[in-house]
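Some notes on the structure that comes next.
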Amino acid sequence: MDLCDVLQLPQSTVSRHLKLLADQGWVRSRRLATNHLYRTILDELEPAARKLWLLAREQTIGWATLQQDALRLERRLKQREAADSQSFFAGAAGEWDKLRQELYGESFSSAAMLALLDRDLVVADLGCGTGMVIEQLAPHVRQVIGVDNSAPMLRAAKRRLNAFGNVDLRKGDLQTLPIQDAQCDASLLLLALTYVPEPLAVLNEIARVTKPGGRAVVVDLLPHDRDDFRRELGQMSLGFSPKLMNEMLTAAGFADVKCTPLSPEPEAKGPVLFLATGSR
């Protein structure tokens with residue numbers, strides 16, 4: 001199951017590949033209770049096979065898929081470490097996170113963090129879609145300006161946000177935002193940059209509408225090679241590397257730029273995401 005999670009492949013596919021590798025002598029396996037544990041045997045391979053293994057690894061090390069797999073593997077190993085640590089403790093300590101979630105849910109922690117926001121903030125949610133993020137933000141700030149170029153999305157957002165008097169929904173393109181210069185204290189761009197033909201132009205617009213001293217937050221896809229996924233969702237890009245995001249945000253006029261991968265969530269089926277921030 002660990003490999004299925006990391007590789008995002010069905011168990012039947014993973015089992016078939018592992019059997020082939022084991023039959024050809026590339027890996028060894030052993031049974032532990034209901035699990036099969038696999039390990040590579042690089043040191044035991046014949047010289048020609050070892051050379052082939054090393055060559056294949058060298059040729060594929062830069063593949064976007066492998067980098068995505070590595071992030072999921074890191075998350076999985078951290079989960080295993082946490083589980084091992086919890087098992088060390090007796091009583092309720094080891095079960096506290098699970099118990100707290102069962103008793104109280106998860107939304108209270110997000111609500112507590114949102115309550116830390118300055119209530120005088122004007123926040124722009126760019127590419128706001130149906131307004132899910134605005135719904136969470138609106139009770140905690142002075143105003144939220146939501147922009148989207150899809151009339152159906154905005155209609156859904158209007159229905160969802162009808163109870164909030166501090167939400168201003170506007171139809172417009174991300175490359176020509178219907179917002180005045182320096183009107184916003186903070187700007188959000190969540191899962192929208194892969195849909196535009198000129199990402200830098202969008203970041204320039206975000207810089208224009210964000211006040212000096214304000215901040216921009218961008219969440220989007222890390223580089224991947226799942227072109228079927230891109231086409232199915234109508235995206236124009238296969239993601240952005242942290243290096244490229246740093247360069248584009250800096251070119252757009254942001255300072256203190258930082259871009260980091262987000263830990264993949266266990267149930268998430270799409271490519272791994274990044275979180276980028278910058279200040280004006």
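Data table
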| read-out | value |
| --- | --- |
| In the stretch 45-69, the residues that are surrounded by 11 or more Cβ atoms within 10 Å (Cβ to Cβ) and either more than 28 Å from Pro261 (Cα to Cα) or over 30 Å from the mean Cα position of the chain (by Cα) (or both) | Leu45, Ala49, Arg50, Lys51, Leu52, Trp53, Leu54 |
| Counted residues, the stretch 176-191 - those being surrounded by 14 or more Cβ atoms within 10 Å (Cβ to Cβ) and under 14 Å from Asp125 (Cα atoms) | 11 |
| Residue satisfying all of: in the stretch 256-280; over 10 Å from the mean Cα position of the chain (by Cα) and farther than 24 Å from Ala186 by Cα; surrounded by the fewest Cβ atoms within 10 Å (Cβ to Cβ) among these | Glu267 |
| Subset tally (residues that are among the polar types (S, T, N, Q) and either surrounded by 20 or more Cβ atoms within 10 Å (Cβ to Cβ) or within 18 Å of the chain's Cα centre (by Cα) (or both)) for the stretch 192-209 | 1 |
| Leu222 touching a Phe, Trp or Tyr at 6+ places or on another chain (Cβ under 6 Å) and of a type in the set (A, V, I, L, M) | yes |
| All positions within the stretch 28-65 that are assigned to a helix (DSSP H, G or I), touching a residue at least 60 places away in the same chain (Cβ under 8 Å) and not small (Gly, Ala, Ser) | Thr65 |
| Strands (runs of 3 or more DSSP E) lying entirely in the stretch 205-280 (those with 1 or more residues that are outside the structural domain of Leu121 (by TED's automatic domain parsing) and more than 27 Å from Asp118 (Cα to Cα)) | none |
| Options Gly234, Gly270: the member that is in contact (Cβ under 8 Å) with a residue 12 or more places away in the chain and touching a Leu at 6+ places or on another chain (Cβ under 8 Å) | Gly270 |
| Failed criterion for Arg231 (all others in (1) at pLDDT 95 or above; (2) surrounded by fewer than 20 Cβ atoms within 10 Å (Cβ to Cβ) hold) | (1) |
| Options Arg155, Arg72: the member that is basic (Lys, Arg), outside the structural domain of Gln8 (by TED's automatic domain parsing) and at pLDDT 80 or above | Arg155 |
| Options Arg76, Arg72; residue that is surrounded by 16 or more Cβ atoms within 10 Å (Cβ to Cβ), in contact with a helix residue (DSSP H, G or I) (Cβ under 9 Å, 6 or more places away or on another chain) and closer than 20 Å to Pro223 by Cβ | Arg72 |
| Candidates Leu238, Leu249, Leu177, filtered to the one that is closer than 18 Å to Ala64 by Cα and either at pLDDT 95 or above or among the charged types (D, E, K, R) (or both) | Leu238 |
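The values are calculated or read from the model by the stated rules, or taken from the named source; none is laboratory data. In this text, all values refer to a predicted model and were calculated from it rather than measured experimentally. A quick note on method: Cβ atoms are made from the backbone with ideal geometry, for glycine too, and the neighbour counts reach across all protein chains shown.
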